[in-house]
Amino acid sequence: MKKYCAFLRGVNVKGTNMKMADVCKVFSDAGAQNVSSVLASGNILFQSDKTSSELKKILEKSMSEHFNYDAFLFIKNEKEINEILENDPFPPVENCHNYVFLGSEKVEETLLEEFQKSNHAENEKGKIVNGIFYWQVPKGQTLDSDFGKVLGKKSLKDKMTSRNINTFQKIIIKFDK
């Protein structure tokens, strides 16, 4: 059985509120095993023999039906999550956040293009590594930066979700327990 993490998009923002215990129950009822959550932002760890693409269909359908919303999630296995952490091109910098963007195919190219067009703060960087877009931004400027404002566009929000690199570290720690 493989270990997976599902990253839900748009959870506990703008009226889509759900308790992670309820989300875990939906995953369990859909056939996932050893289900737990990391933080309250929609990171669900579980095990399954199914593929990521099979799980995405099953879990999005189950979540949509149970919570009456258009569920959208991205699934990565333990190996992929380790690779995301290992490939972070930006060493930690004091007073900066490092973010990882997971999304639909080729969204990383759109993100890089938008990043390159925007004005950057000092120490703000963006880069694609192995199909994943990474962004380093000074603390306090995540939403106020030019690129941060672009991320709020509906055309982008519907194609991706982001997490702080620290979330990936917490996921790996919980996988190892």
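Please work out the Cα center distance from the stretch 1-77 to the stretch 116-177, rounded to the nearest Å.
Between the Cα centre of the stretch 1-77 and that of the stretch 116-177, the gap is 21 Å.
Return the aspartates and glutamates within reach of Lys2: Cα separation strictly under 12 angstrom, same-chain partners fewer than 8 residues apart disregarded; answer none if there are no such residues.
Asp49, Glu78, Glu80
Calculated from the structure, P(r) over Cα pairs in 10 Å bins from 0, in percent equals which of [x] 9, 38, 36, 15, 1; [y] 10, 35, 29, 16, 7, 2, 1, 0; [z] 9, 35, 36, 14, 5, 0?
Correct label, based on the coordinates given: [x].
Which links in Lys25/Lys56; Lys56/Lys159; Lys76/Lys125; Lys76/Lys106; Lys3/Lys50; Lys79/Lys174 stretch past 19 Å when you go from one Cα to the other?
Lys76/Lys125
Please list, or write none, the aspartates and glutamates whose alpha carbon is within less than 19 Å of the alpha carbon of Lys149, excluding same-chain residues fewer than 8 places away.
Reachable aspartates and glutamates: Glu108, Glu109, Glu113, Glu114, Glu122, Glu124, Asp158.
Rounded to the nearest 500 deg cm²/dmol, what is the calculated helix-only ellipticity per residue at 222 nm for the chain, with -39500 (n - 2.57) per DSSP H run of length n ≥ 4?
Taken over the chain, the calculation gives -11000 deg cm²/dmol.
None of the figures in this text is laboratory data; all of them are computed from the coordinates on show. What you are looking at is a predicted structure, and each value in this text was computed from that prediction instead of being measured.
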